[in-house]
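See below for the structure under consideration.
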Amino acid sequence: AKEGSRGTAICFALEHEAQLRSHAVIEQALRSADLETEFSLVYQPIMDVVEQRVDAYEALARWTSPTIGKVSPGDFIVVAERSGLIRDVTRALLRKALADMAAWPMEVSLSFNLSAHDIASSACRADIKDIVRESGVAPDRIIFELTETGLMRDLVDARDALSELKGLGVRIALDDFGTGYSSLSYVHKLPITRLKIDRSFVTSICEDQASLNIIRAIIDLARNLGFSCVIEGVETTDQMLLLRSAGCRFMQGYLFQKPLPREEIEALSGVAAAI
Ligand code: C2E
Ligand code: CA
Ligand code: CA
Ligand code: CA
């Protein structure tokens, strides 16, 4: 009987969770969300392992809804995209991130995720440009990350939209490279400056020589095309050493640091004292 009741409890919990995460419920909570207070950003460093310093902090969104609790970006970004709310979320978060940068050393950049839906709208591009200009942050300290799957829907439009943004003086990174229909053959058609290699490649490099060879080939090609490469999801020292010997300069992952709120990264990098 005890076993049975526990089973029921687990079933109820799972059902409850599935309900919380249903798109309709998330969308409803998102529509009534106060973007200023419910949303926050955590930051994860992109390390330059050659210079042994932080190259950039990637801003990652966090949402705690007063009605449905914590929702991960993996769940709410798609809902925000489908419901057209993403642009409001992006604008609010970009303002926040650029304000947070005031406490960072000048040589540290911001890497900020944009949705392909954001840049597809000329009004949203105009807003992004205004927000960057009004912030007073030097545009070359800003990297906009876009996933390749989002951009592939319309390559020509994506190219033009990215060129317009790049005209501000910001840099553009292609995120999650190696997932979806990725191909290096179109990458040179986009005005990007950086590739972020998806962490699915990293997980197997210690056991599987082929994965490391693929990473090596991507790094070589990226270098020839004039891009920098970031390897995502580095979790162990063995992975880091292997990747460094393969020529990887920029790495990101739990080995170096998990995403943290701004107060904690400021304390770690010793910049809090400077404010
Ligand atoms: P992403 O841009 O590829 O970000 C990397 C994700 O991997 C983050 O998850 C990060 O916390 C996680 N991660 C970092 N290092 C490691 C590691 O060593 N191992 C493992 N297993 N995971 C690691 P997170 O924060 O849950 O974000 C998920 C995705 O949601 C992001 O993937 C990005 O596509 C999207 N996202 C997050 N914030 C924003 C945002 O402000 N705007 C937009 N448009 N998308 C966002
Ligand atoms: Ca990213
Ligand atoms: Ca990524
Ligand atoms: Ca991702």
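The values are calculated or read from the model by the stated rules, or taken from the named source; none is laboratory data. All values derive from a computational prediction rather than experimental measurement. Glycine also receives a Cβ, built like all others from the backbone with ideal geometry; neighbour counts cover every protein chain displayed. In case anyone asks, the SASA skips ligands and DNA or RNA and just uses the protein heavy atoms, side chains included. Shrake-Rupley method; radii C 1.70, N 1.55, O 1.52, S 1.80 Å.
Observations
- Members of region 30-48 that are open to solvent by 20 Å² or more (accessible area, probe 1.4 Å) and in contact with a helix residue (DSSP H, G or I) (Cβ under 6 Å, 6 or more places away or on another chain): 35
- Filtered residues of region 79-91 (kept if surrounded by fewer than 18 Cβ atoms within 10 Å (Cβ to Cβ) and of a type outside the set (Lys, Arg)): 81, 83, 84, 88
- Residue list for region 99-146, restricted to those being touching a helix residue (DSSP H, G or I) at 6+ places or on another chain (Cβ under 9 Å), among the hydroxyl-bearing types (Ser, Thr, Tyr) and surrounded by 12 or more Cβ atoms within 10 Å (Cβ to Cβ): 109, 115, 121, 135
- Helices (runs of 4 or more DSSP H) enclosed by region 184-275 - at least 1 residues per element that are touching a residue at least 60 places away in the same chain (Cβ under 8 Å) and under 21 Å from residue 142 (Cβ atoms): 262-268
- Selected residue [within 22 Å of residue 131 (Cβ to Cβ), aliphatic (A, V, I, L, M) and touching an Asp or Glu at 6+ places or on another chain (Cβ under 8 Å)] from 79, 108, 54: 108
- Residue 158 vs. criteria at negative phi and either surrounded by 15 or more Cβ atoms within 10 Å (Cβ to Cβ) or within 16 Å of ligand 2 (Cβ to nearest atom) (or both): yes
- Filtering region 119-142 for residues that are touching a residue at least 24 places away in the same chain (Cβ under 8 Å) and over 25 Å from residue 159 (Cα atoms) leaves a non-empty set.
- Within region 193-238, considering residues that are β-branched (Val, Ile, Thr) and within 16 Å of ligand 2 (Cβ to nearest atom), the one surrounded by the fewest Cβ atoms within 10 Å (Cβ to Cβ): 193
- Among (1) within 16 Å of ligand 4 (Cβ to nearest atom); (2) open to solvent by 50 Å² or more (accessible area, probe 1.4 Å); (3) part of a helix (DSSP H, G or I) - the single one residue 76 does not satisfy: (2)
- Enumeration of residues in region 174-192 that are in contact with a Phe, Trp or Tyr (Cβ under 7 Å, 6 or more places away or on another chain) and either closer than 30 Å to residue 133 by Cα or away from ligand 2 (no atom under 16 Å from the Cβ) (or both): 192
- Residues considered: 203, 149. Of these, the only one that is at pLDDT below 90 and closer than 20 Å to residue 243 by Cα is 203.
- Subset of region 50-73 (residues that are open to solvent by 20 Å² or more (accessible area, probe 1.4 Å), more than 16 Å from ligand 3 (Cβ to nearest atom) and at negative phi): 50, 51, 53, 54, 62, 64, 66, 67, 68, 70
- Which listed residue is in a helix (DSSP H, G or I) and over 17 Å from the mean Cα position of the chain (by Cα), from 87, 82: 82
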